[in-house]
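Note sheet for the following structure.
The values are calculated or read from the model by the stated rules, or taken from the named source; none is laboratory data. Since we're looking at a predicted model, the values are computed, not measured. Cβ sites come from the backbone with ideal geometry, for glycine too, and all protein chains shown count toward neighbours. Areas reflect the complete protein model, heavy atoms only, side chains present, ligands, DNA and RNA absent. Shrake-Rupley method; radii C 1.70, N 1.55, O 1.52, S 1.80 Å.
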Amino acid sequence: METVRVRVPAKVNVQLAVGGVRPDGFHDLANVFLAVGLYDEVTATPADTLRVTCAGPDAAAVPLDRTNLAARAALALAGRYGIEPDVHLHIDKDIPVAGGMAGGSADAAGALVACDALWGTDAPRDELLAICAELGSDVPFSLVGGAALGTGRGERLRPLDVGGTFHWVFAVADGGLSTPAVYGEFDRLTAGLRVPGPAASRDLLDALAKGDATALAATVSNDLQPAALSLFPPLTGTLATGRDAGALAALVSGSGPTTAFLAADADAAAEIARALMASGTCRTARATTAPAPGATVV
Ligand code: ATP
């Protein structure tokens, strides 16, 4: 095979319940992932040595060395199968970088699927998922897409039913937030408080299963939101702008600083996106739908 191209979705966390910090430094989570229709594409082509290139508006912020999550995925697969990781990975990046939408994780899952096809390793799904979990807590979900409940540090996944299409708008902020910094701020803000064990909301899972946007809007939550707002105060204005424009719900996506707005339908989403763009409270706004499929060879 000469070249393999894989499309991988971004995610929003419709629930992100964060428990106290564990002895290993991670937090226990109840993390309801929903894959959304913003995609990176990873293309794998045979090469003399491992090489990463990236194109797109945020390309300058993406490392091109072996710390790139796509490169790490290729190295992990090659290591298991005793293959030389001689591949050119090109990332067409449309997912905001350091935006709380798991863009790096998407590239890791995409590179893994692309190299598995290019090299003919044909690894079993469970093995691909195990490699994903080693690469990062959000990577397994990028592979499977759809909707899923993540427990543990988010990497133990249970697929969830979604009974319809949800309309979303994502406001991309000027700048990024480091996920470890946001967890650090969460720890600071909750120091001395009793942090309850995280649990998925039954009402939220029902709303997803029914495809009911109004019910989903009433149940979305993100325990990292106060920490993200504390580190990036202008997001409060972005959230208010989307709410005023008719969003059923407005929340920070994961660790931020991307903000997510649930809309009643496609027309409402277009209006929210227009209002966000006009407000100057974000760099750009993108309307899309969910759920989206996981990493797919195209
Ligand atoms: P998450 O939602 O999973 O917490 P994020 O969307 O906030 O992640 P990413 O876009 O995944 O953040 O990037 C976080 C950091 O990871 C970047 O600042 C960058 O230095 C590094 N990184 C490594 N590989 C990649 C990649 N392929 N794409 C983007 N960033 C990458």
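In summary, ASP58 fulfils each of the numbered conditions (1) over 25 Å from VAL12 (Cβ atoms); (2) within 16 Å of the ligand (Cβ to nearest atom); (3) out of contact with any strand residue (DSSP E or B) (no Cβ under 8 Å at 6 or more places or on another chain) with the single exception of condition (1).
When we screen THR289, THR281, THR236 for residues that are at pLDDT 95 or above, touching a helix residue (DSSP H, G or I) at 6+ places or on another chain (Cβ under 7 Å) and not in a loop (DSSP other than H, G, I, E, B), the only hit is THR236.
For GLY242, the criteria (1) within 16 Å of the ligand (Cβ to nearest atom); (2) buried (at least 23 other Cβ atoms within 10 Å of the Cβ) hold in every case but one, which is (1). For segment 61-77, what are the residues that are out of contact with any Ser or Thr (no Cβ under 9 Å at 6 or more places or on another chain) and either open to solvent by less than 20 Å² (accessible area, probe 1.4 Å) or outside any helix (DSSP H, G or I) (or both)? Result: VAL62, PRO63, ASP65, ARG66, THR67, ASN68, ALA70, ALA71, ALA73, ALA74. Here ASP174 fulfils each of the conditions (1) within 11 Å of the ligand (Cβ to nearest atom); (2) in contact with a Lys or Arg (Cβ under 7 Å, 6 or more places away or on another chain) apart from (1). Scanning segment 94-109 for residues that are near the ligand (Cβ under 6 Å from one of its atoms) and either of a type in the set (Asp, Glu) or closer than 22 Å to VAL4 by Cα (or both) gives ALA102, GLY103, GLY104, SER105, ASP107. Per this entry, ASP206 is not counted among residues that are open to solvent by less than 70 Å² (accessible area, probe 1.4 Å), in contact (Cβ under 8 Å) with a residue 40 or more places away in the chain and in a helix (DSSP H, G or I). Taken as a whole, segment 11-27 holds no residue that is modelled with pLDDT of 95 or more and surrounded by fewer than 17 Cβ atoms within 10 Å (Cβ to Cβ).
Residues in segment 28-55 that are surrounded by fewer than 20 Cβ atoms within 10 Å (Cβ to Cβ), among the charged types (D, E, K, R) and under 20 Å from LYS93 (Cα atoms): ARG51 alone.
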